[in-house]
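Read the structure below first, then the notes.
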Ligand code: GLU
């Protein structure tokens, strides 16, 4: 059965951009005769608060959205992420990195021209890729904090591509879109504090939940390049993707709580009715 998901990160209250994305998922799930799942992407222990998760669920219910099946919380799936991380590490496709953020930035600054990944972070210069096995074992045994990075060159040698994903439009027609995972370099696939990153968690869950159609904002288009590579390395099915355009504020910037965009909670408090809000976003 076609399976869609809305997957907010509970780092703040939902805003109109989230509402648009959730409503579009619901519309397409209905159009394709499929189901719609709700997944809470709460891998960040510092920022995901129980009250925010409850508020997300409440805002979505207020909007009139109904989800199928139980709500999945990523914080409860750490064993699955760890298993996929270990599978990559065992094949030499991921390695521990002991560099701090400032060390990575300093090393990147020393390079002739700073190359950046699609999120704007400097590409990792590979410092820890060259550590000896003994040095790595010693530092791990001492419990030194570390992230895990994808060994991009080995990953591309294992899954040479050409990499592509199936893109679909809202009426159904599909086409193959080229993906260029190399532009992410040796990106972090597991953070210091949890055995995953957004990228590893999302491909693990989309596969486990049999998600067939991913509908998300155009800000995640470049991430899909990395996701198809991880799917190939982990032997996971690749869903179809639709990246919708983002709602912008009056200055042309992407909506974000950090920029003071109005939350659904603000609009509710001002007396906005859910029907009117849906209509303003083009949903009846
Ligand atoms: N959790 C992500 C966000 O809130 C979305 C992830 C996805 O749809 O793949 O931006």
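Can you give me the Rg/Rh ratio for the stretch 197-284, using Cα atoms for both radii and the Kirkwood formula for Rh? List each step's numbers first, then the result.
Values: Rg = 16.7 Å, Rh = 15.5 Å.
Taking Rg over the Kirkwood Rh, I get 1.08.
How much length is gained if the chain between residue 284 and residue 139 is pulled fully straight, taking 0.36 nm per residue apart and subtracting their Cα-Cα distance, in nm to one decimal?
46.4 nm
Listing 86, 133 from the residue with the fewest other Cβ atoms within 10 Å to the one with the most, what is the order? Spell out each step's value before the answer.
Numbers: 86 13, 133 7.
By the 10 Å Cβ count, ascending, the order reads 133, 86.
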Amide N proximity, the stretch 142-170 versus residue 111 label position 7 Å along Cα-to-Cβ, cut-off under 13 Å: 152-153
Efficiency by 1/(1 + (r/R0)^6): what FRET value for residue 100 and residue 210, r their Cβ-Cβ distance, R0 = 51 Å, to the nearest 0.05? 0.85
Ignoring solvent entirely, what values of log10 I(q)/I(0) come out of the Debye formula for the stretch 49-157 at 0.20 Å⁻¹ when each Cα is a single scatterer? -1.10
Alpha carbon Rg of the chain, scaled by the compact-globule rule 2.2 N^0.38 Å: 1.06
Between residue 1 and residue 89, what FRET efficiency follows from the Cβ-Cβ distance if R0 is 41 Å, with the result rounded to 0.05? 0.75
Rg to Rh quotient for the stretch 126-284, alpha carbon positions, Kirkwood Rh: 1.07
If I model a spin label as a point 7 Å beyond the Cα along the Cα-Cβ vector, how far apart are those points for residue 219 and residue 256 in nm? 0.6
Quick note on 41, 174, ordering by fewest other C-beta atoms within 10 Å, gives 174, 41
Tell me, 53, 114 in order of fewest to most beta-carbon neighbours within 10 Å? 114, 53
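Every number in this text was worked out from the coordinates using simple rules, so none of it is lab data. Remember, predicted model here, so these are calculated numbers, not experimental data. Don't worry about glycine lacking a Cβ; one is built from the backbone with ideal geometry, like all the others, and counts go over all protein chains shown.
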